[in-house]
Amino acid sequence: MLKETRRTDPELAQIVDKELIRQEKCIEMIASESTVPVPVMELSGSVFTNKTLEGYPGARFQAGGEVADEMERLAVSRAKELFGAEYVNIQSYSGSTANYSVFATILKPGDKVLAMRLDQGGHLTHGSPANWTSTMYNHTFYGCDPETGCIDYEEMERLAKEVKPKLIICGASSYPRLIDFKRVAEIAESVGAYSMCDMAHVAGLVAAKVIPSPIPYMDFVTSSTTKTFCSARSGMVFCKEKYAKELNKGTFPGALGSIHLHTMAAKCWSFRYAATEEFHDIMVQVVKNAQHMAEELMKRDYTVVSGGTDNHLLVVDLRNKNVTGRQMQTALDSAGISVNKQVVPFDTAKPHITSGIRIGLTSVTQRGLKEDAITEIVDMIDRVVNAPEDEAVIAEVKARAEELISKYPLYPAGAFA
Ligand SMILES: Cc1ncc(COP(=O)(O)O)c(C=O)c1O
């Protein structure tokens, strides 16, 4: 890999090499991350990156689109089959722009949207004050039940009746439990709202049929193709056939420009790979590892939000341990374990400090770690939580972390030869 870059820009090639070594040596547990298979990298760097194309197969704005048409049609048919969807648009550049294309399709400035609160699991693009969507639409937010840490559907229903939104969004960045898609769809229908699920985090688990799919219930389903789907940094939008024409217009020219054909090719490969037994088995183990980690943490008196997890991630409330999320993100990073600080439901700490951390199990599971290794990682985390400023402890854990992860290669030997 990087043969020509090494010849023409050794300085930059060295930086990429350093990043590879960092990833190899790190216990990577940021919930939005995964490791892409080598073909995804090959295709992301393929000649499709040279082609400018707008429009849809058979109706392009530029000449020379016939081969890309073949590729996009193949990718669409694979995606529809994999997810059992009536319709999919795979032109989005990311999970964020997938959301924007749905908004461009169905919303007008000032329209009302009901979404999940950012500090309880929602995403920036669902109307956070820091995101442009908050200046364009009129958002109301539902949250979690303080007792259970799970979505408060009664609050959602009450707010839906009160506000009468045009769109109800479910799906989240840091929600460890299954979402009752049927209930959300019923609430939306009862007030004449569109329903949308942003399944960015769990798309791989859905593709592998390890957790239930939102697609049969929702009008629109958006997603990243990174995170548990383990593919290129890109996106996709599913919808009911009756919205297909409008979604296409909302996506291009509504929200996006020319197509990223190189990442589309990578997604095309992944739509096939995600139907394999290999991918299915990884996704099954991701959930087992996440559940095992939650149990091991709780055995050591950690507060795991909602008391566990049904997916690839868990949120740990550190308030009873007298450390902040920011402190733990930094200390664990120094010890070779990568997690991110996380606001927990009803957090009193500032968003740049936070009271918790979010832990994701996708990357380590792809490397082959199973429950016994997860127990070891919990032990390491616990050592650091109990002595976040003790340099000797950090050094000891870093050595243990590197030794453990070195037994599980990031990529097979010779993958980049
Ligand atoms: C629920 C959710 N939606 C959308 C996104 C944005 O995805 P992307 O980074 O692909 O734009 C994220 C990213 O973390 C997310 O968690």
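Some values worked out for this structure:
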{"read-out": "VAL237 within 14 Å of the ligand (Cβ to nearest atom), more than 16 Å from THR35 (Cβ to Cβ) and in a strand (DSSP E or B)", "value": "yes"}
{"read-out": "Conditions (1) touching a strand residue (DSSP E or B) at 6+ places or on another chain (Cβ under 9 Å); (2) at pLDDT 95 or above; (3) within 14 Å of the ligand (Cβ to nearest atom); (4) open to solvent by 40 Å² or more (accessible area, probe 1.4 Å); number of the one not met by THR133", "value": "(4)"}
{"read-out": "Some residue of region 110-121 being away from the ligand (no atom under 15 Å from the Cβ), basic (Lys, Arg), without any contact (Cβ under 8 Å) to a residue 40 or more places away in the chain and not in a helix (DSSP H, G or I)", "value": "no"}
{"read-out": "Breaking point among (1) assigned by TED's automatic domain parsing to the domain that holds GLY121; (2) touching a Gly at 6+ places or on another chain (Cβ under 9 Å); (3) not acidic (Asp, Glu), for VAL286", "value": "(1)"}
{"read-out": "ARG183 open to solvent by 10 Å² or more (accessible area, probe 1.4 Å), among the basic types (Lys, Arg), without any contact (Cβ under 8 Å) to a residue 12 or more places away in the chain and more than 16 Å from the ligand (Cβ to nearest atom)", "value": "no"}
{"read-out": "Pair list, Cβ < 7 Å and 6+ apart or interchain, from region 367-384 residues that are assigned to a helix (DSSP H, G or I) to residues that are among the polar types (S, T, N, Q) and at pLDDT 95 or above", "value": "GLU371/ASN289; ILE374/ASN289"}
{"read-out": "From the options GLY235, GLY204, GLY254, residue that is surrounded by fewer than 21 Cβ atoms within 10 Å (Cβ to Cβ), touching a residue at least 40 places away in the same chain (Cβ under 8 Å) and in contact with a helix residue (DSSP H, G or I) (Cβ under 7 Å, 6 or more places away or on another chain)", "value": "GLY254"}
{"read-out": "Any hit, region 298-305, residues being touching a helix residue (DSSP H, G or I) at 6+ places or on another chain (Cβ under 6 Å) and assigned to a helix (DSSP H, G or I)", "value": "no"}
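Residue-by-condition table, conditions (1) of a type in the set (Ser, Thr, Tyr); (2) more than 14 Å from GLU28 (Cα to Cα); (3) surrounded by fewer than 24 Cβ atoms within 10 Å (Cβ to Cβ); (4) within 21 Å of the chain's Cα centre (by Cα):
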| site | (1), (2), (3), (4) |
| --- | --- |
| ALA335 | no, no, no, no |
| ASN340 | no, no, yes, yes |
| PHE346 | no, yes, yes, no |
| HIS352 | no, yes, yes, yes |
| GLY356 | no, yes, no, yes |
| ARG367 | no, no, yes, yes |
| THR375 | yes, yes, yes, no |
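The values are calculated or read from the model by the stated rules, or taken from the named source; none is laboratory data. Keep in mind the model is a prediction, meaning the values are calculated, not measured. Heads up, the Cβs are rebuilt from the backbone with ideal geometry, glycines too, and the neighbour counts pull from every protein chain shown. SASA here: full protein model, heavy atoms, side chains in, ligands and nucleic acids out. Shrake-Rupley method; radii C 1.70, N 1.55, O 1.52, S 1.80 Å.
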